[in-house]
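Notes to accompany the following structure.
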Amino acid sequence: MSITQAVILAAGEGTRMHPLTYTRPKVMLPIANKPILEHLLIEMHKNGIKDFIFVVGYHDEQIRDYFRSGEKWQVNIQYRKQNKQLGTADALRMVEGLVAGNFLMANGDSIVSSEDINNLIQRTGNVLSIIEKQDVSGLGVIEARDNLIVRIHEKSERPASHLANAGLYLFTPDIFEAIEKTVKSPRGEFEITDSINLMINSGKPVAYMVITRWFDFSYPWDLLTANESMLTELRLSHERAEIEENVIMKGIVSIGKNTVVKSGSYIVGPVIIGGGCEIGPNCYIRPGSAIGDRCHIGASVEVKNSIIMAGSKVPHLNYVGDSIIGENCNLGAGTKIANLRIDKQIIRVAGIDTKRRKLGAIIGDKVETGINASINTGTLIGNNTLIGPGVLAHGVIPPGSKII
């Protein structure tokens, strides 16, 4: 029996992704100029999945406005709203009666490959996808025997294995019976892993399948890792853009419709630039950069391995490295973002080890800086913040701040 239905859980805020999720759901954060959720939908559709149910909640209007009924992707999308985020089992409970037979379920805040999805839908029964990781802290870990799951342990201090739950499942209708018996976890949520453990305890086997490609997003800097990787899959495309003389482009560069690239711009791919942008003159865009629609990257600006979201302006004498800039921001002339500590050590953000030697700033929507502002490594800046001329910004800056 072919699998044509998928349930995507997309209701959560993703508080660990602040400041980027103050104004959008986690699943709508962009990777290579497409939301995480869109990448997942595309990979599923490649395998004949045509009917989707999105369980939405936090800022659900953004998901609905972007995806609508799914016609753009030649799929059908229905929506169910989870008013209170009471866990993954509670979210799945909402679609009972809307799915027929076996179906896929996935967390909307991760990306898996079409090849792994294809292998999963060839299976029968209940199957959980897993990824092998050395560091499984903060993840659900499976205990297995004879190719079957014995138990899933949520965020155990002493993990039973290095096999982590990847949040992609093939379910039979038996899962709904288990959900009805699921009680709240110590975290106060109805968790799908508890439902799976109930199925196992009742004698219904749950198998597992190791997948090879998985992008999970716990913290904002995880977006940079995925963005850098997915940009390598770009195709050369800039036929609908206006490219002036004396522009140099090397490698794979994708430029959207009605973007103007002015003389003296130097772009080294993989790079993606959206539509309606103004690029240059005399700017340097380095590999791993994703620039959204309606952006301005101006004179004597250097952008390296960064995500710049729609409507943002980096117009004069700026450096942006290993950073994420939200929508509709404006960097004053001479604003620089540091991306490497003076002692070259690993960068920590709010006490968290990022495991990155290079990390600039994570900036929310509608942030403005004055001339010659400096932003230190690992700085988090909340949306609607003003950073005054000549200011050194560092640490965690709440939304709506004024630093002058």
Total residues in the stretch 88-102, condition under 27 Å from the mean Cα position of the chain (by Cα) and either under 18 Å from E154 (Cα atoms) or of a type in the set (G, A, S) (or both): 4
Residue selected from the stretch 126-153 under the condition over 16 Å from W214 (Cα atoms) and in contact with a His (Cβ under 9 Å, 6 or more places away or on another chain), by the criterion modelled with the highest pLDDT: E143
So R151, is it more than 14 Å from A89 (Cβ to Cβ), surrounded by fewer than 17 Cβ atoms within 10 Å (Cβ to Cβ), assigned by TED's automatic domain parsing to the domain that holds E96 and in contact with a helix residue (DSSP H, G or I) (Cβ under 7 Å, 6 or more places away or on another chain): yes
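What about G188, is it in a strand (DSSP E or B) and not aliphatic (A, V, I, L, M)? Can you show your working first?
Working: in a strand (DSSP E or B): no; not aliphatic (A, V, I, L, M): yes.
For G188, the condition - in a strand (DSSP E or B) and not aliphatic (A, V, I, L, M) - is not met.
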Search result, residues across the stretch 140-153 that are in contact (Cβ under 8 Å) with a residue 40 or more places away in the chain, touching an Asp or Glu at 6+ places or on another chain (Cβ under 9 Å) and closer than 18 Å to S110 by Cβ: G140, I152
Residue within the stretch 327-350 that is surrounded by fewer than 18 Cβ atoms within 10 Å (Cβ to Cβ) and at pLDDT below 95 present: yes
Where a residue in the stretch 332-343 is in the same structural domain as K358 (by TED's automatic domain parsing) and its partner, wherever it lies, is aliphatic (A, V, I, L, M) and surrounded by fewer than 18 Cβ atoms within 10 Å (Cβ to Cβ), with Cβ under 9 Å and at least six apart: G332/I371; A333/I371; G334/I371; T335/I371
Criterion: under 19 Å from M309 (Cβ atoms), touching a strand residue (DSSP E or B) at 6+ places or on another chain (Cβ under 7 Å) and not assigned by TED's automatic domain parsing to the domain that holds P30 - qualifying residue of G388, G360, G370, G395: G360
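The values are calculated or read from the model by the stated rules, or taken from the named source; none is laboratory data. On a predicted model such as this, the values are computed, not experimentally measured, just so you know. Neighbour counts are summed over all protein chains in view; Cβ atoms, including those assigned to glycine, are modelled from backbone coordinates with ideal geometry.
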